[in-house]
Structures are given as C-alpha cells and as structure tokens.
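Right, one structure below, let's go through it.
The values are calculated or read from the model by the stated rules, or taken from the named source; none is laboratory data. Everything numeric here is computed off the predicted structure, so don't read it as measured data. Cβ atoms come from the backbone with ideal geometry, glycine included; neighbour counts cover every protein chain shown. Each accessible area value is taken on the protein alone, full model and side chains, heavy atoms only, with ligands, DNA and RNA left out. Shrake-Rupley method; radii C 1.70, N 1.55, O 1.52, S 1.80 Å.
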Amino acid sequence: MAKSLQTSEPELLKPGVKAPVQETLLTPRFYTTDFEAVAQLDISAHEPELRAIVDELRADYNRHHFVRDSEFEQSWEHIDGETRRAFIDFLERSCTSEFSGFLLFKELSRRLKNRNPILAEAFHCMARDEARHAGFLNKAMSDFNLSLDLSYLTKNRTYTFFPPEWIIYTVYLSEKIGYWRYIIMFRHLESYPENRFYPLFRYFESWCQDENRHGDFFKALLRSQPQLWNNWKARLWVRFFLLSVFATHTLTVLERVSFYRSVGINPYEYNIQVIENTNETAARAFPVILDTEHPEFFRRLEECSDINLKLAEINSSNSPKIVKFFQKLPLILSIVGHLLRLYLIKPIDTELFREAVY
C-alpha cells in the first residue's frame with residue numbers, strides 16, 4: 001500500500017483566511033515572461049487555426065456552468081479528519097494554480113492589446129476562465145470555513161521568469177495534463193457516485209473542456225513557431241519539459257494518496273493514466289514524446305516518489321540543518337540519477353507520423 005504524507009492542519013493568516021502553503025518545487029508557481037518578445041511572435045503560419053480557437057473562447061460555452069446549486073447548501077462538518085485536510089489541500093493547490101494562470105494571462109492580454117490583437121483576445125478569454133475557476137474553488141473552501149486571500153498571493157508570491165518558449169511548453173502541458181486529471185476523476189466518480197463526497201466533482205466534465213481549449217490554443221501557437229519544434233534543440237527541451245511535468249505530477253499525486261483514496265481512486269493507476277494520456281496528446285504538438293511504455297519509466301518515477309517521501313521525513317525532523325543537508329544530499333542525487341536515466345530513454349519521434357497525429 002502506498003505511503004502518504006499526513007496532511008497538516010491549515011495555518012491561518014487571520015481567522016477564516018488560510019496561510020498559503022510554503023513554496024517548494026512541487027507547489028504551483030507564479031510566472032512572468034518577456035512580454036515584448038511575445039508581442040513580436042509571428043503567428044501567420046497558423047493564424048486561421050488560432051482565429052478559430054479564439055472564436056470558441058469568445059463563445060464562452062461555460063459562462064453559465066459555474067453556478068452553485070442547492071446541493072452546496074448544507075453543512076460539511078461531516079467531512080472531517082484526514083479527508084477534510086486532504087481535500088482542503090487539493091482545493092488550495094488547485095485554486096492557486098488557476099489563479100496563477102489568471103495573473104499571467106491577464107498581464108499578457110494587457111501588454112499585447114495594441115500589439116497583437118489575436119493573442120491579446122485569446123489571453124483575455126483564458127484569464128476570464130482561470131479567474132472563474134479560481135473563484136469557484138475559493139468559494140468551495142469557504143464551505144470549510146476557510147478561503148485564500150488572492151490579493152495577498154498576488155503581492156507576496158515569488159514570480160518565476162520563464163522566456164516565452166518555456167511558457168508555451170509549460171502552459172500547454174499544464175492545460176493538457178489538467179484536462180486529463182479532471183476528466184479521469186470525473187469519469188471515475190460518474191461510475192462510483194458513492195465516492196463523490198462533495199458536489200464540486202460534478203462540475204469537472206465541462207470544467208476540463210476549458211483546459212482542453214486552452215491547451216489547443218497553445219498547441220496552435222507552438223506549431224506556428226518552427227523554432228519550438230523543428231530543430232534538435234527543441235527536441236531536447238520538449239523531452240525536458242515532458243519529464244519535468246510527469247515527475248512533478250508523480251511526486252505530487254503519490255505524496256497525497258489519502259486524497260485519492262478518499263474518492264476511491266488508486267493513486268498509482270491514476271498517475272499512470274494521466275501521464276500516458278497527456279503524453280499521447282502531446283504528440284499533436286511536440287516533435288517527440290516520451291516512451292512511457294518503457295519498463296523503466298514508471299518504476300523510476302515511483303522510486304523518485306519514495307525518495308521524495310524520505311526527504312519530507314527528514315525535513316520534518318528536529319535534526320540540525322547541517323545534519324539534514326548531509327542526510328538529504330544522497331537522496332537528492334539519487335532522484336537526479338533516476339531522472340537522468342529517464343531523460344536518456346530513446347523518445348518517440350512524432351514527426352514521422354505527423355499526418356496520422358493530426
């Protein structure tokens with residue numbers, strides 16, 4: 001049976017307002033980029049496809065979807081203990097991730113408004129969607145007598161600079177893996193409604209279509225830039241970002257197996273399903289994808305997860321910092337070794353069957 005980190009009790013900034021989780025490599029990040037470089041992107045190669053996706057975004061198919069119905073109007077005190085703590089943690093991380101996307105897309109829309117109208121409108125629509133998601137999740141937290149101060153997050157979170165090409169890679173993967181996370185969980189709970197302990201899960205089917213449309217936009221944007229897929233450097237970067245996203249997903253899911261068990265999901269099987277589907281989807285955008293069927297692939301990712309749990313145990317101990325450092329060093333090097341071995345597995349060349357992929 002999988003181990004799990006015990007979810008800690010929420011810390012408060014003030015009564016009813018949850019303190020943000022400590023920033024780590026696994027927590028959702030806030031990003032900024034070179035807005036001038038984005039404004040200068042030549043999108044003419046895929047402009048018809050981008051315009052078609054903007055039309056879909058403008059239609060706002062989910063504008064009436066995020067409305068709380070009568071099922072929310074009850075006490076949720078019966079959800080307690082580890083299930084309550086793990087669900088609050090899920091809500092917070094999901095809300096923070098959506099809000100991060102909102103801030104980035106909003107700023108891109110503002111900066112590009114008079115420079116690249118097609119991209120500006122797309123980012124405006126995506127910011128609308130992300131804000132709607134974040135607000136819905138934050139309202140769900142209020143059912144558990146907590147909320148996030150999103151203005152506090154805006155001012156106090158560390159912003160990581162990524163060049164535009166990294167933003168395109170990472171946001172594309174974030175949106176597509178988000179789609180598969182939501183739809184797989186929705187389908188599971190549709191089959192086993194007795195495990196759906198809170199009404200938020202009913203919203204995931206339409207919700208994930210927002211993620212899918214956002215991913216489709218970034219796919220078209222990526223393919224409009226040959227330097228992001230049509231050279232050897234791009235192939236190396238694509239492998240790096242695929243592996244980074246899949247490793248982060250594995251560590252995050254297997255840190256929190258108690259949440260997935262609470263909805264009747266096997267976290268190992270869920271992690272494999274999400275990664276395999278995201279990898280297959282990425283073939284539509286990327287020149288290469290990872291060989292997830294290689295016998296070493298998931299074994300090494302799960303080894304990384306086991307080591308990560310040992311690192312968490314060391315971090316939570318009362319040992320002096322210098323002792324913790326030397327305890328953690330061989331474990332960190334072991335994770336790096338596993339990831340390097342995975343990176344060196346021969347990838348699958350998707351350009352060889354590009355017509356079939358499209």
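General observations
- Top-ranked residue of segment 273-291 - restricted to ones that are in contact with a strand residue (DSSP E or B) (Cβ under 7 Å, 6 or more places away or on another chain) and farther than 20 Å from GLN227 by Cα, ranked as least open to solvent (accessible area, probe 1.4 Å): ASN279
- Of the residues making up segment 305-320, those that are touching a residue at least 40 places away in the same chain (Cβ under 8 Å) and either buried (at least 21 other Cβ atoms within 10 Å of the Cβ) or in a loop (DSSP other than H, G, I, E, B) (or both) number 2.
- Among the residues of segment 149-167, not a single one is touching a Lys or Arg at 6+ places or on another chain (Cβ under 9 Å) and part of a helix (DSSP H, G or I).
- Meets criteria (modelled with pLDDT of 95 or more and not basic (Lys, Arg)) for VAL288: yes
- Annotation note: of LEU301, LEU243, LEU222, the sole residue that is assigned to a helix (DSSP H, G or I) and closer than 22 Å to HIS46 by Cα is LEU222.
- Contact map, segment 197-225: residues that are over 30 Å from ARG84 (Cα atoms) and touching a residue at least 12 places away in the same chain (Cβ under 8 Å) paired with residues that are aromatic (Phe, Trp, Tyr) and assigned to a helix (DSSP H, G or I), Cβ distance under 7 Å, separation 6+ or inter-chain. Pairs shown: GLY215/TYR172; GLY215/TYR179; PHE218/TYR172; LYS219/TYR172; LEU222/TYR172.
- Residues located in segment 139-189, provided they are farther than 22 Å from PHE66 by Cβ, touching a Phe, Trp or Tyr at 6+ places or on another chain (Cβ under 7 Å) and not β-branched (Val, Ile, Thr): ARG157, TYR159, PHE162, TYR169, TYR172, LEU173
- When each of ARG63, ARG51, ARG29, ARG58 is tested for being closer than 30 Å to PRO117 by Cβ, without any contact (Cβ under 8 Å) to a residue 12 or more places away in the chain and among the charged types (D, E, K, R), the lone residue that passes is ARG63.
- Looking only at segment 247-272, and only at residues there that are under 15 Å from ARG300 (Cβ atoms) and in contact (Cβ under 8 Å) with a residue 60 or more places away in the chain, the one that is surrounded by the fewest Cβ atoms within 10 Å (Cβ to Cβ): THR248
- Scanning segment 212-244 for residues being open to solvent by 10 Å² or more (accessible area, probe 1.4 Å) and within 23 Å of HIS65 (Cα to Cα) gives a total of 3.
- Of all residues in segment 87-100, those satisfying the criterion of being hydrophobic (A, V, I, L, M, F, W, C) and under 16 Å from MET185 (Cα atoms) are PHE87, PHE90, LEU91.
- Selected residue (criterion: nearest to the chain's Cα centre (by Cα)) from residues of segment 73-98 that are exposed (fewer than 15 other Cβ atoms within 10 Å of the Cβ) and assigned to a helix (DSSP H, G or I): GLU82
- Residue match in segment 327-345 (condition: touching an Asp or Glu at 6+ places or on another chain (Cβ under 7 Å) and part of a loop (DSSP other than H, G, I, E, B)): yes
- Evaluated against (1) modelled with pLDDT of 95 or more; (2) over 18 Å from the mean Cα position of the chain (by Cα); (3) of a type in the set (Phe, Trp, Tyr), PHE123 falls short on exactly one condition, (2).
- PHE298 fulfils the conditions (1) surrounded by fewer than 16 Cβ atoms within 10 Å (Cβ to Cβ); (2) of a type outside the set (Asp, Glu); (3) under 21 Å from the mean Cα position of the chain (by Cα) except for a single criterion, (1).
- Subset of segment 198-218 (residues that are over 16 Å from the mean Cα position of the chain (by Cα) and of a type outside the set (A, V, I, L, M)): TYR198, PRO199, PHE201, ARG202, TYR203, GLU205, SER206, PHE217
- Close Cβ contacts (under 6 Å, 6 or more residues apart or on different chains) running from residues in segment 106-133 that are open to solvent by 60 Å² or more (accessible area, probe 1.4 Å) to residues that are of a type in the set (Gly, Ala, Ser) comprise LYS106/ALA127; LYS113/ALA120; ARG115/ALA39; HIS124/SER109.
- Whichever residue in segment 145-165 is open to solvent by less than 40 Å² (accessible area, probe 1.4 Å) and modelled with pLDDT under 95 and, among such residues, is nearest to LEU222 (Cα to Cα): THR160
- Qualifying residue in segment 173-188 (condition: open to solvent by 10 Å² or more (accessible area, probe 1.4 Å), in a helix (DSSP H, G or I) and without any contact (Cβ under 8 Å) to a residue 12 or more places away in the chain): yes
- Matching entry among LEU150, LEU146, LEU112 (being within 30 Å of LEU50 (Cβ to Cβ) and within 23 Å of the chain's Cα centre (by Cα)): LEU150
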